[in-house]
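This report concerns only the one structure given below.
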Amino acid sequence: MQVTGTVLTTRRVDAYHALTVVAPGIAERYRPGHFVSVAVGGGQTSMVTRRALSIHDVKSDYGGTVELVFTARGPGTAWLAERRARDTLDLVGPLGRPFPLPRDPVHCVLVGAEYGSALLFPLADALLARGCRVDFVLGGTGAERVFGAMRARRIAETTTLTTEDGSLGLRGKVTDALPSVIADTRADAVYACAPMETLRAVTAVSMEFDIPVQVAVEESMACGIGVCMTCVLPVIGDDGVTRMVRACAEGPVFRGERVRFEDVGTIPFDALGAPGGGARHVS
Amino acid sequence: MSVDMRTFLAHVELANPITTAAGCAASGRELAQFFDLHRLGALTTRSITMAPRAGRPTPRMAETPSGMLNAVGLQGPGIDAFLERELPWLAQRGIKTIVSIGGGTVAEYSELARRLADAPGVTALEVNLSCPNIEDRGRVFAREGSAAAEVIASVRSIMRYDVPVVAKLAPDVADIVSVARACVDAGADALSMINNPLGMAIDTEALRPSLAAVTGGLSGPAILPLAVRCVWQVHAALPGVPLIGIGGVMSGRDAFQLVLAGACVVGVGTALFHDPYACLRIERELEDLLRARGFQRLADAVGLAHRPPGSAPRHLLVDSEESTP
Ligand SMILES: Cc1cc2nc3c(=O)[nH]c(=O)nc-3n(C[C@H](O)[C@H](O)[C@H](O)COP(=O)(O)OP(=O)(O)OC[C@H]3O[C@@H](n4cnc5c(N)ncnc54)[C@H](O)[C@@H]3O)c2cc1C
Ligand SMILES: Cc1cc2nc3c(=O)[nH]c(=O)nc-3n(C[C@H](O)[C@H](O)[C@H](O)COP(=O)(O)O)c2cc1C
Ligand code: FES
């Protein structure tokens, strides 16, 4: 659904911008893993596509608020970073498929890099509410780019931090720390949101331990609602067939071992409908 | 006073002139989560191909000033899945559906037409001519009047007479009127324009083309003047041919421009990415603009900008005659 939200507060959180927006309809329907798309640039803007942003938090205040955490990267997110309290924002959401939650109270490791950590917190709350044990591994290039360390420490059994420059926690990447965290916590499942390369490594580690891994991917999106087909990546279906599926509609959450990370950005030759390939082998 | 928004695409009546542009609304289901598709004049599907197609590698999209580039490459499940799952879904709901087809050879277009000829729920057939002709060194059908005409003649001979065949034209040609004329002579009941002109963007961080496919189709407000020009030229040359105007329509005023240039149906594409409700808003805004200018019928505005300078608008003449005591 589409909502005209009012900005309630704006904050800087380390290297990131955080916007809390009153958006009742979206907050109500939200489940962990959902994202929203935001129109940027105002009424007469030359920016025609919306920006996809994960929902970091929802609260029931003011009928329902959503909080977005983002990096000012290009012109659209730079415009968003300039929003102030009482400005209005045009949001569409909640979009995408949320994280599946385990039925039993299992041990879960949540892995986040950079702003990818933001969407793991409502997931952690939902897992805790089901009696799961939650452990965090959060990372970034430097200390100011590790999002949510304090909150993680408050709610999780253990929190492991990594930075590439060694300015906070262990020096290295989240995937360097992950194997020992999985072993120490006897994890049953891994959840992750991070850049594609990191998700690939997180998936590889989880597969070594033979535990399921759910990843939230990021692909360049024009519509966010499943109509334009710009956000696709190769994913193996239940039937073993690789398809170019939409990150916005079939994702952004996928089972890690189903995503062909090494083939992202290509059309694998055996994908359904690949040029001269897959299509012919499928009846 | 409400304005009569009904329009005719050839002999098929549509409740209003707004349709989705091919490839910008998939096959309808996603938009149906936002609003009742019956409120569209018609839904145009993505271009259906014979075999499933995986399309082009990503990135497939780049935002550009007042527009975007796309290189999707007609990704879709192919005609079998379309006939099995997508078309029946639309047909059962009674949604007016313009089915778009794309192919690489004349035979492929003919075969698609044959498969669709008896399928219930095809309101009109739009032939996407912006595909490379694999039998002719990859030259795009829409760029050659004769190649386009060959496709249209073949499709027209196969489709039932009561299903209009619409030829969709590309703007980046030397003479769009001659391509339009060739298609009409070959039996096209209507024309739709414009498909995406070809563009390119370069990522100044990566120092590489922004799209994996290097070039892509430009859409959005940046191409509205191109669409208005094409509709104008073709309506001037072929005033009796119904035109679907497409390209950069974001508002009712944009749609109104295309109508005044000669379009009786208006397609909305990229605006849907910005606003899933764009079709409804544009229809309402167009109706408001017509009403504010004293029009009682949309039909009276079609091609109106072509009247000689200084002459009174037809609809106002009729009005004043009627009100004379
Ligand atoms: C499901 C999802 C959730 C996301 N959540 C967050 C978040 O919580 N915080 C955050 O900082 N960023 C998030 N992103 C990335 C964010 O969408 C991009 O950083 C942002 O769109 C860039 O816009 P821009 O105007 O700064 O850049 P530009 O490069 O000018 O953007 C041009 C166009 O490309 C699209 N685009 C460019 N990069 C991306 C990208 N990485 N992903 C999707 N679309 C892109 C834009 O949406 C826009 O349509 C998320 C992306 C996805 C797909
Ligand atoms: C993502 C995308 C996919 C498209 N796919 C098709 C297609 O399958 N068939 C077709 O005839 N046109 C296709 N088009 C072209 C549109 O139908 C339309 O002609 C063009 O985008 C101009 O309209 P707009 O500016 O309103 O988007 C596509 C356009 C976009 C942006
Ligand atoms: S962003 Fe349009 S289909 Fe996913």
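The values are calculated or read from the model by the stated rules, or taken from the named source; none is laboratory data. Computed from a predicted model, the values in this text were never measured in an experiment. Glycine also receives a Cβ, built like all others from the backbone with ideal geometry; neighbour counts cover every protein chain displayed. Just the protein is used for accessible areas: all its heavy atoms, side chains included, with ligands, DNA and RNA removed. Shrake-Rupley method; radii C 1.70, N 1.55, O 1.52, S 1.80 Å.
What net charge is computed for the residues neighbouring A:Arg133, neighbours being all others with C-beta under 13 Å from the C-beta of A:Arg133, Lys and Arg scored +1, Asp and Glu -1?
Cβ neighbours under 13 Å give a net charge of -3.
Do the sum for chain B: with -39,500 (n - 2.57) for every DSSP H run of n ≥ 4, divided by all residues, what is the mean residue ellipticity at 222 nm, to the nearest 500 deg cm²/dmol?
Using -39500 (n - 2.57) per qualifying helix, the result is -9000 deg cm²/dmol.
What are the membrane-span-like helices in chain B by this rule: whole DSSP H runs, Cα extent along the axis at least 18 Å, mean Kyte-Doolittle hydropathy at least -0.5?
Within chain B the helices that satisfy the rule are B:145-158, B:224-237, B:278-292.
Could you tell me which of rounded, prolate or oblate describes the protein assembly as shown, using a ≥ b ≥ c as the square roots of the eigenvalues of the alpha-carbon gyration tensor, with rounded for a/c under 1.5 and, failing that, prolate when a/b is larger than b/c and oblate otherwise?
It is prolate, given that a/c is not under 1.5 and a/b is the larger ratio.
Between A:Thr77 and A:Ser180, what length in nm is gained on full extension when 0.36 nm per residue of separation is reduced by their alpha carbon distance?
The span from A:Thr77 to A:Ser180 would gain 33.5 nm if fully extended.
Shielding by partners for A:259-267, please: the mean number of other protein chain Cβ atoms within 10 Å of each residue's Cβ.
Mean number of neighbouring Cβ atoms from other chains: 2.
Out of B:Ser192, B:Ser100, B:Ser311, any idea which swings most in a Gaussian network model of chain B, alpha carbons joined below 10 Å?
B:Ser311
Please report the relative contact order for the stretch A:84-168, taking Cα pairs under 8 Å with a sequence separation of at least 6, and give it as a percent rounded to a whole number.
So the answer I get is 26 percent.
Could I have the simple spin-label model distance between A:Thr141 and B:Ile202, label points 7 Å from Cα toward Cβ, reported in nm to one decimal?
A separation of 2.4 nm, rounded to one decimal place.
To the nearest whole number, what is the average tally of beta carbon atoms from other chains within 10 Å of the beta carbons of peptide B:290-299? It would help to have the intermediate numbers written out before the result.
Numbers: counts 0, 0, 0, 0, 0, 0, 0, 0, 0, 0.
Mean shielding by partner chains, rounded to a whole number: 0.
For the stretch A:1-98, what class follows from the C-alpha gyration tensor (a ≥ b ≥ c being the square roots of its eigenvalues): rounded when a/c is under 1.5, otherwise prolate if a/b is larger than b/c, else oblate?
Here the stretch A:1-98 falls in the rounded category.
Once amide H atoms are placed 1.01 Å from N in the peptide plane, what residues at a sequence separation of 5 or more from A:Thr158, or on another chain, have their amide H within under 5 Å of its amide H?
Long-range HN contacts for A:Thr158: A:Phe136.
Connecting C-alpha atoms closer than 10 Å in a GNM of chain A, tell me which of A:Gly116, A:Gly43, A:Gly96 has the biggest fluctuation.
For chain A, modelled as a Gaussian network with Cα springs under 10 Å, the answer is A:Gly43.
Calculate one ³J(HN,Hα) per residue across the stretch B:34-51 by plugging θ = phi - 60° into the Karplus curve 6.51 cos²θ - 1.76 cosθ + 1.60, and present them in order as whole Hz with x for glycine and proline.
Each residue's phi maps through the Karplus curve to give 9, 7, 6, 5, 5, 7, 7, x, 7, 9, 9, 6, 5, 5, 8, 10, 5, 9 Hz.
What residue among B:Ala170, B:Ala212, B:Ala149 shows peak mean-square fluctuation when chain B is described by a Gaussian network model with Cα springs under 10 Å?
Fluctuation is largest for B:Ala212.
Counting Lys and Arg as +1 and Asp and Glu as -1, each charge on the Cβ, what is the dipole of the protein assembly as shown about the Cα centre in debye, to the nearest 20?
So the magnitude is around 520 debye.
Using a simple spin-label model with points 7 Å from Cα along the Cα→Cβ vector, what separation in nm is obtained for A:Arg12 and B:Asp118?
7.0 nm
Once amide H atoms are placed 1.01 Å from N in the peptide plane, what residues at a sequence separation of 5 or more from B:Ser192, or on another chain, have their amide H within under 5 Å of its amide H?
For B:Ser192, whose amide H was placed from the backbone, the distant partners under 5 Å are B:Ala167, B:Lys168, B:Leu169, B:Ile244.
Which one, B:Val234, B:Gln296, B:Ser146, projects farthest toward the positive side of the charge dipole computed for chain B from Cβ point charges (K/R +1, D/E -1)?
Of the candidates, B:Ser146 comes out farthest on the positive side.
Run the numbers on chain B and let me know its relative contact order in percent, using alpha-carbon pairs under 8 Å that are six or more apart. Before the final figure, lay out each step's value.
Numbers: 733 pairs, mean separation 61.7, N = 325.
Relative CO of chain B lands at 19 percent.
Could you pull out every residue, at least 5 positions away or on a different chain, whose amide H is within less than 5 Å of the one on A:His56? Hs are placed 1.01 Å off N in the peptide plane, and Pro or chain starts have none.
Amide H neighbours of A:His56: A:Glu67, A:Leu68, A:Val69.
Looking only at Cβ-Cβ distances, which cysteines of chain A have no other cysteine closer than 4.7 Å?
A:Cys108, A:Cys132, A:Cys193, A:Cys231, A:Cys248 - these cysteines have no disulfide-compatible partner (Cβ-Cβ under 4.7 Å) in chain A.
With +1 on the Cβ of every Lys and Arg and -1 on the Cβ of every Asp and Glu, and nothing else charged, how large is the dipole of the stretch A:139-186 about its Cα centre, in debye rounded to the nearest 20?
180 debye
Between rounded, prolate and oblate, where does chain A land on the alpha carbon gyration tensor, with a ≥ b ≥ c its root eigenvalues, rounded for a/c under 1.5, else prolate if a/b exceeds b/c?
It comes out oblate by the Cα gyration axes.
Could you compute the net charge surrounding A:Glu250? Neighbours are other residues with a C-beta less than 10 Å from the C-beta of A:Glu250; K and R count +1, D and E count -1.
For residues surrounding A:Glu250, the net value is +3.
Taking all protein chains as present, what is the carbon and sulfur share of the accessible area of the stretch B:39-96, in % to the nearest whole number, probe 1.4 Å? The partial results should precede the final answer.
Numbers: 1060 of 2140 Å².
Accessible surface attributable to carbon and sulfur in the stretch B:39-96 totals 49 percent.
Among bridges DSSP assigns within the protein assembly as shown, what percent are antiparallel (round to 5)?
50 percent
If I stretch the segment between A:Gln44 and A:Tyr62 completely, what's the gain in nm (0.36 nm per residue apart, minus their alpha carbon distance), one decimal?
My answer for the length gained is 3.6 nm.
Using Cα pairs closer than 8 Å and at least 6 residues apart in sequence, work out the relative contact order for chain A, in percent.
Rounded, it is 15 percent for chain A.
Mind putting a number on the dipole of the stretch B:187-325 about its Cα centre? Charges go on the C-beta only, +1 for Lys and Arg and -1 for Asp and Glu, and I need it in Debye to the nearest 20.
220 debye
Per residue of A:217-223, count partner chain C-beta atoms within 10 Å of its C-beta, then hand back the mean as an integer. Mind dumping the intermediate values first?
Values: counts 0, 0, 4, 7, 2, 14, 10.
Per residue, the average neighbour count from other chains is 5.
Zone of A:Arg130 (label point 7 Å along Cα→Cβ, backbone N under 15 Å): which residues in the stretch A:197-232?
Flagged as within label range: A:212-215.
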